[in-house]
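The values are calculated or read from the model by the stated rules, or taken from the named source; none is laboratory data. Values in this document were obtained by computation on a predicted structure and should not be read as measured data. Cβ sites come from the backbone with ideal geometry, for glycine too, and all protein chains shown count toward neighbours.
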Amino acid sequence: MNATALLIGLGPLLGWGLYPTIASKIGGRPVNQILGSTLGTLIFALVFAFVQGIELASGKDLIFAILSGVGWASAQIITFKSFGMIGSSRAMPITTAFQLLGASLWGVIALGNWPGVTAKVLGSLALVLIVIGAALTVWSEEKNQENSSLLKKAIIYLAIGEIGYWAYSAAPQATNLDGMQAFLPQAIGMLLVAVVYAVVLSGKEKSAFSEVVTYKHIFSGFFFAFAALTYLISAQPNMNGLATGFILSQTSVILATLTGIWFLGQKKTTKEMRVTVLGLVLIIVAATVTVLI
């Protein structure tokens, strides 16, 4: 792996690692966060497509790429809601774990990954480690009914959200587009969901279109878009390849969790921090196993 490939591969570490913390720091409701960040993503994608001379796809390819973006935005709305329940430092390891589980199971069931008994045994152990790791990141020394109830509710929300993240990853597989060609239509699908969500809510509460905080989230959208694009480039065979690119992208959960603790006041005791770090290590190790077996 050369230095250029490594730097590009670590793009998602910065983009996806900082995105949830920046979005939480800017604040606002989930509708402000999703509307502003998807607008930022579309702006980024339009500029990239113009600079690279990439034309918008058509037909089935366009539809499935847009559906991919619809899946991500739908899931991200749920994830933003979970941030309000338990904080990004606890929600991010859980949603990462669900995404790893979903991607691994989809690979085994639909794509024939992990052929042979040994691979299936190692893969299953890795999935168990992912679950254990996620559980460790949300462990708390002080137990109370209210926190436990919120945690259970957030876990259910994030499990449902995995359907959208799965669609984000799986839908492009039905197209003839490479990652860079799919980037712009994905961004269009993301913004479509955000606009519909904002319109529906505008009849019940203050319109997100008229709130300044919404447009501040364009900045957070640039971070998401940067991560998505660098991952697509990193995963190409002439760069890091899909397996290594995926592993490098998953390191973002470490930065997302730790910056949430350090900069958003999501405090943990010394013992909780040690257990959280152990959980993050288990998730990364297990993620590495799932793509290398």
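Answer with yes or no whether Ala126 is closer than 25 Å to Ile284 by Cβ and either part of a helix (DSSP H, G or I) or without any contact (Cβ under 8 Å) to a residue 12 or more places away in the chain (or both). Let's see the steps before the verdict.
On the way: closer than 25 Å to Ile284 by Cβ: yes; either part of a helix (DSSP H, G or I) or without any contact (Cβ under 8 Å) to a residue 12 or more places away in the chain (or both): yes.
It is true that Ala126 is closer than 25 Å to Ile284 by Cβ and either part of a helix (DSSP H, G or I) or without any contact (Cβ under 8 Å) to a residue 12 or more places away in the chain (or both).
Residues are listed down the side, and each one gets a yes or a no for (1) touching a helix residue (DSSP H, G or I) at 6+ places or on another chain (Cβ under 8 Å); (2) more than 27 Å from Phe263 (Cβ to Cβ); (3) not polar (S, T, N, Q):
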residue: Ile86; (1), (2), (3): yes, no, yes
residue: Met92; (1), (2), (3): yes, no, yes
residue: Phe98; (1), (2), (3): yes, no, yes
residue: Ala103; (1), (2), (3): yes, yes, yes
residue: Thr118; (1), (2), (3): no, yes, no
residue: Gly123; (1), (2), (3): yes, yes, yes
residue: Leu129; (1), (2), (3): yes, yes, yes
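Looking across the range 223-250, the residues that are in a loop (DSSP other than H, G, I, E, B) and either crowded, with 19+ Cβ neighbours inside 10 Å or touching a Lys or Arg at 6+ places or on another chain (Cβ under 6 Å) (or both) come down to Ala235, Met239, Asn240. Just one of the listed residues (Leu62, Leu13) is under 14 Å from the mean Cα position of the chain (by Cα) and either in contact (Cβ under 8 Å) with a residue 40 or more places away in the chain or assigned to a helix (DSSP H, G or I) (or both), namely Leu13. Among the residues of the range 133-180, those that are polar (S, T, N, Q) and either over 28 Å from Val108 (Cβ atoms) or surrounded by fewer than 22 Cβ atoms within 10 Å (Cβ to Cβ) (or both) comprise Ser140, Asn144, Gln145, Asn147, Ser148, Ser149, Ser169, Gln173, Thr175, Asn176.
Does the range 20-34 contain at least one residue that is of a type in the set (S, T, N, Q), under 25 Å from Asn240 (Cα atoms) and touching a residue at least 24 places away in the same chain (Cβ under 8 Å)? Checked against the condition, which is being of a type in the set (S, T, N, Q), under 25 Å from Asn240 (Cα atoms) and touching a residue at least 24 places away in the same chain (Cβ under 8 Å), the range 20-34 yields no hits at all.
Of all residues in the range 95-109, those satisfying the criterion of being in contact (Cβ under 8 Å) with a residue 60 or more places away in the chain and either outside any helix (DSSP H, G or I) or among the aliphatic types (A, V, I, L, M) (or both) are Ala97, Leu100, Leu101, Ala103.
Residues in the range 137-165 that are basic (Lys, Arg) and either in a helix (DSSP H, G or I) or within 16 Å of Ser89 (Cα to Cα) (or both): Lys152, Lys153.
Of all residues in the range 53-87, which are within 21 Å of Ile155 (Cα to Cα) and of a type in the set (Ser, Thr, Tyr)?
Ser74, Thr79, Ser82, listed by residue number.
Among Ser169, Ser149, Ser220, which is the only one that is of a type outside the set (A, V, I, L, M, F, W, C), over 22 Å from Ile43 (Cβ atoms) and modelled with pLDDT of 85 or more? Before the answer, list the steps.
Values: Ser169 fails: modelled with pLDDT of 85 or more; Ser220 fails: over 22 Å from Ile43 (Cβ atoms).
None of the other options fit; the residue is Ser149.
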